[in-house]
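The values are calculated or read from the model by the stated rules, or taken from the named source; none is laboratory data. The model shown is predicted, which means the values in this text are computed figures rather than measured ones. Note that each Cβ is placed from the backbone with ideal geometry, even for glycine, and that neighbours are counted across all protein chains shown. Side chains are part of the model used for accessible areas, which takes the heavy atoms of the whole protein and leaves out ligands, DNA and RNA. Shrake-Rupley method; radii C 1.70, N 1.55, O 1.52, S 1.80 Å.
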Amino acid sequence: GITLWGGNASTDNDYLQLGANSIIIKANNLKKFEATDAGAFVYGLAENDYVNVKSDGIDIVAADTVVAEFGATTLIGDDDNEHVKITAGKLELKRGSETFVSASSTGLYTSGSINANTGIIGGWKINSGSLSKDDLFRLAPAEEYIISSSTFKVAANGDVNASSATFNGSTVVE
């Protein structure tokens with residue numbers, strides 16, 4: 001191979017080294033760049049902090065730990081612990097050993113609760129103060145009727161209005 005020194009070869013720590021299968025650049029005796037069959041490496045302040053550009057993606061490494069991968073699978077964080085993972089068919093959020101959010105073509109799954117002021121889940125419309133299914137059924141605790149449909153209503157005070165009703169085992173007062 002060939003080594004090009006930045007100054008005196010016996011005292012200088014800056015050099016460019018061209019080998020049969022690699023190129024290495026060092027400054028102050030720290031590797032700053034390396035190109036090999038495994039990809040191109042760009043180093044930070046330490047040789048265990050680097051970015052590796054390889055044929056199937058990019059890895060970001062800090063203190064010898066891969067903290068992010070970008071490629072067919074994108075991973076931000078430690079794969080064994082907390083991370084965000086994105087593949088062609090899935091999004092995954094993980095905390096420790098628990099995957100607490102997973103979204104794919106099969107649906108959205110969470111180990112926690114879902115909080116929303118508005119939206120639609122399974123055809124049910126969520127509004128700030130109500131939950132409704134088309135114009136067929138409505139739950140609205142702060143409105144005149146807590147439960148209502150076109151022919152059945154329950155008011156906050158317990159009054160029930162129905163166009164027709166059957167009660168078994170109860171007394172109905174008119």
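Points to keep in mind about this one:
- Surface listing: GLU98, GLU92 arranged by accessible area from highest to lowest gives GLU98, GLU92, probe 1.4 Å.
- Ligands, DNA and RNA aside, ILE23 has an accessible area near 60 Å² when probed at 1.4 Å.
- Per-residue SASA entry for GLU143, accessible area with 1.4 Å probe, Å² rounded to 10: 80 Å²
- Under 17 Å from the Cα of LYS85 - lysines, other chains or at least 8 residues apart: LYS94
- In nm, spacing of pseudo-spin labels at ALA40 and THR3 (7 Å Cα→C-beta vector): 2.5 nm
- Reciprocal mean inverse distance between Cα atoms of the chain - Kirkwood radius, Å: 22.6 Å
- Remark: relative contact order (segment 1-68) = 16 percent; criterion is Cα-Cα distance under 8 angstrom and separation of 6 or more residues.
- Scaling against 2.2 N^0.38 Å puts the C-alpha radius of gyration of segment 74-174 at 1.70.
- Prolate/oblate/rounded call for segment 10-66, Cα gyration tensor, a/c under 1.5 rounded: oblate
- Once the Cα-Cα distance is subtracted from the 0.36 nm per residue extended length, the ALA68 to PHE152 segment shows a gain of 24.7 nm.
- Carbon and sulfur %, accessible surface of the chain computed with the full protein complex present, 1.4 Å: 54 percent
- Within the straight-line cut-off of under 21 Å between alpha carbons, the lysines reachable from LYS31 are LYS54, sequence neighbours fewer than 8 places apart in one chain being disregarded.
- For LYS125, the aspartates and glutamates whose Cα falls under 14 Å of its own Cα, not counting residues fewer than eight places away in the same chain, are ASP134, ASP135.
- Stokes-Einstein D (µm²/s) once Rh is taken as the Kirkwood radius of segment 4-99 over alpha-carbon pairs, at 37 °C in 0.692 mPa s: 216 µm²/s
- Nonlocal amide H pairs with ALA68, under 5 Å, H built at 1.01 Å: ILE60, GLY77
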